[in-house]
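The values are calculated or read from the model by the stated rules, or taken from the named source; none is laboratory data. Just so we're clear, the structure is a prediction, and the values are computed from it rather than from any experiment. Here the Cβ is made from the backbone with ideal geometry for all residues, glycine too, and neighbour counts use every protein chain on show.
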Amino acid sequence: MPGIGGGYRPSRLVMSIADHSIIYIHRGRNAKSIAIGKALTQRDYNFDYRGGSLVLLLFKAWIASTEIPKADVYFIEGALCFWPAYFLKKKYKTAKILMMVPEPAFYLDPRRNFLQKLLFYWRMWLYRHVFGFIVVSEMVKADIQRYCKQPVLIGHHFVSNIERFLPLKSEGGYQILFVCDRPSETGYIKGLAETIAIFTELNTLLPETRLVIVGAGSDQLSFSHPHIRALGHVDMTDIIPTCRIILAPAKYDAFPLAVVECGLVGVVPVISSHVGVKEIIEPICPELVIYSNATSDYVAVIRSVLEWPDEKYTDVMQKLRKKLQVLNEESCLAEYRDAWTQLLGTR
């Protein structure tokens, strides 16, 4: 049920920025965003909107704005939660809106029709009411800066219980991992069709390769290819060590933590240039980031990785693991606190 949760909850952030009362508005779905928001705010509100027309969305947002009390700062999770914050901003003129962007809120899907594109640009225009943005990657930051002039700072998401992954090690072999929750909704943007095409071509050249697809709802997928398995929701600590490569040919993926988890275990990421974690991977091994849409380019890189000598594999993955280990809860919450302090002190 939507509503204010938790009553008053002391917060280390609020204690350090004592002049501000802060309410976190979220959708109640993204566990990582909720963990960050609740760790950093006094109170939270679950704007549990499940879809429908724009008119219904605006009506629900207005209703929510009548239930949410006055605050100095409304910290919102993503594009959908902008709408109740927008009505709150209209009501409380001095309130500030800070937006966390863990999603493709600034990605204009080319499948959209003219009206949908018009609504996208209208939303970009309304974002002038947002005081500042905290985003999960440099890629998202660059996208926002195409449309908005407000400050944009980085706040990475963290790997929960990162210690679970640190003792694990890839077993090598020829198994490739693709992660996609709710593929009926996200398969297009995550690159499900591209993954199948890449693997099909790869498997004709290297018959020993296998593809495993995991994520909530993926077990509902059906494939005629004998070397593709879709397992649904699994414990990632069980599946990751069985793989050699994680493939992410996404059209847009803000900062997939599955790629981070795999890197910690020694599973090599092969990703598109539209995946936010490229900012960590590319400086270490540029060949793992694909700027082309050609299936053959992905196949060539995967074949190359499978043939890496042990020395190169060890060198690349040790450097990557060192970079990824900082994405723990303590470091990432500190990053958010620094971002909040900078934003609330800028204007």
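Some values worked out for this structure:
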item	result
Hits in region 74-96 (condition: farther than 20 Å from residue 51 by Cα and surrounded by fewer than 22 Cβ atoms within 10 Å (Cβ to Cβ))	89, 90, 91, 92, 93, 94, 95, 96
Residue, surrounded by the most Cβ atoms within 10 Å (Cβ to Cβ), within region 288-347, restricted to residues that are of a type in the set (Ser, Thr, Tyr) and either more than 20 Å from residue 209 (Cβ to Cβ) or touching a His at 6+ places or on another chain (Cβ under 7 Å) (or both)	336
Leading residue by the ranking (farthest from residue 135 (Cα to Cα)) among those in region 202-257 that are free of Cβ contacts under 8 Å to residues at least 60 places away in the same chain, assigned to a strand (DSSP E or B) and of a type outside the set (D, E, K, R)	228
Checklist (1) surrounded by fewer than 20 Cβ atoms within 10 Å (Cβ to Cβ); (2) in contact (Cβ under 8 Å) with a residue 12 or more places away in the chain; (3) not in a loop (DSSP other than H, G, I, E, B) applied to residue 163, failing item	(2)
Unmet criterion (only one of (1) within 18 Å of residue 54 (Cβ to Cβ); (2) assigned by TED's automatic domain parsing to the domain that holds residue 246) for residue 169	(1)
Number of positions in region 145-156 that are under 15 Å from residue 276 (Cβ atoms) and either among the hydroxyl-bearing types (Ser, Thr, Tyr) or over 15 Å from the mean Cα position of the chain (by Cα) (or both)	3
In region 140-155, the residues that are part of a loop (DSSP other than H, G, I, E, B) and touching a strand residue (DSSP E or B) at 6+ places or on another chain (Cβ under 9 Å)	148, 150, 151, 155
Of all residues in region 188-208 being surrounded by fewer than 20 Cβ atoms within 10 Å (Cβ to Cβ) and either within 24 Å of residue 280 (Cα to Cα) or charged (D, E, K, R) (or both), the one that is farthest from the chain's Cα centre (by Cα)	208
